[in-house]
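Everything below concerns the one structure shown next.
Nothing in this text is a laboratory measurement; each read-out follows from the coordinates by a stated rule. Everything numeric here is computed off the predicted structure, so don't read it as measured data. Note that each Cβ is placed from the backbone with ideal geometry, even for glycine, and that neighbours are counted across all protein chains shown.
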Amino acid sequence: MTEDSELVISVRLQTSLGPAEIQWRDDLVVRFLWLPKGTKTKQQGAYVRPSVKLTSAQQELAQDLVDYAVGTQIDFSQVPVDLSAGTDFQQRIWKACQKIPYGEVVTYGELARLAGRAGAARAVGTAMSKNRIPLIIPCHRVVAACNQIGGFTSAEGVSQKKRLLDLEAGGRCNLKVPSSAYRRKMRK
């Protein structure tokens with residue numbers, strides 16, 4: 001748990017999906033990230049340094065993230081988030097993405113239409129890659145057309161996205177994960 005000069009509160013979580021960290025500035029979530037496997041956290045659940053007091057909403061959200069990881073259906077659509085790091089268009093995309101219900105997916109093109117920019121699927125992909133608050137802004141629920149899983153920005157890449165989609169599907173989702181050869185080709 002850390003606080004910096006900008007009054008960012010950071011809480012590390014140990015979840016069934018691996019270690020994670022959530023950060024707030026005031027009452028707004030500014031960052032959520034999956035930490036590399038092997039990152040040490042104190043215990044299962046949230047570690048909060050005793051000198052810092054979380055609000056009840058912050059405590060509840062930290063517990064919701066831990067509960068989500070074991071398969072509890074959690075609605076993060078009303079969590080207050082700070083979207084100021086994005087352009088106006090990215091903020092519209094992230095707001096629309098935050099409304100995608102648990103267990104459902106939309107394509108990049110569908111999300112572009114929902115945000116008022118039909119035909120901007122690639123720009124949606126860029127916005128998703130810049131999402132600083134995954135899970136709460138559930139970019140893992142945005143997939144490519146033709147039943148393809150699409151990309152995912154995390155240390156574990158699309159395998160993390162597939163795990164999240166499988167969790168929400170209650171088993172295995174029916175999306176295709178690109179082969180490693182295809183992923184290498186796309187990185188070039």
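Per-structure values
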| item | result |
| --- | --- |
| At R0 = 30 Å, FRET efficiency that the Cβ-Cβ distance of GLN78 and LYS37 yields, to 0.05 | 0.45 |
| Using θ = phi - 60° and Karplus 6.51 cos²θ - 1.76 cosθ + 1.60, couplings along the range 120-132 (whole Hz; Gly, Pro as x) | 9, 4, 5, 5, 5, x, 5, 4, 5, 5, 9, 5, 8 |
| In order through the range 64-71: 3J(HN,Hα) via Karplus (6.51 cos²θ - 1.76 cosθ + 1.60), integer Hz, x for Gly, Pro | 4, 5, 5, 5, 3, 5, 9, x |
| J(HN,Hα) series, the range 18-31, from Karplus relation 6.51 cos²θ - 1.76 cosθ + 1.60, nearest Hz, glycine and proline x | x, x, 8, 9, 10, 10, 10, 10, 6, 9, 9, 6, 10, 7 |
| SER16-THR153 FRET efficiency (beta carbon distance; Förster radius 25 Å; 0.05 resolution) | 0.70 |
| Inter-label distance for ASP88 and ALA57, nm, one decimal - labels placed 7 Å from Cα along Cα-to-Cβ | 2.6 nm |
| Relative contact order computed over the range 63-128 (Cα-Cα under 8 Å; 6+ residues apart), in percent | 26 percent |
| Under 5 Å, built H, 5+ apart or other chain: amide partners of VAL8 | none |
| Amide H partners (placed H, <5 Å) of LEU35, local residues excluded | ALA20, GLU21 |
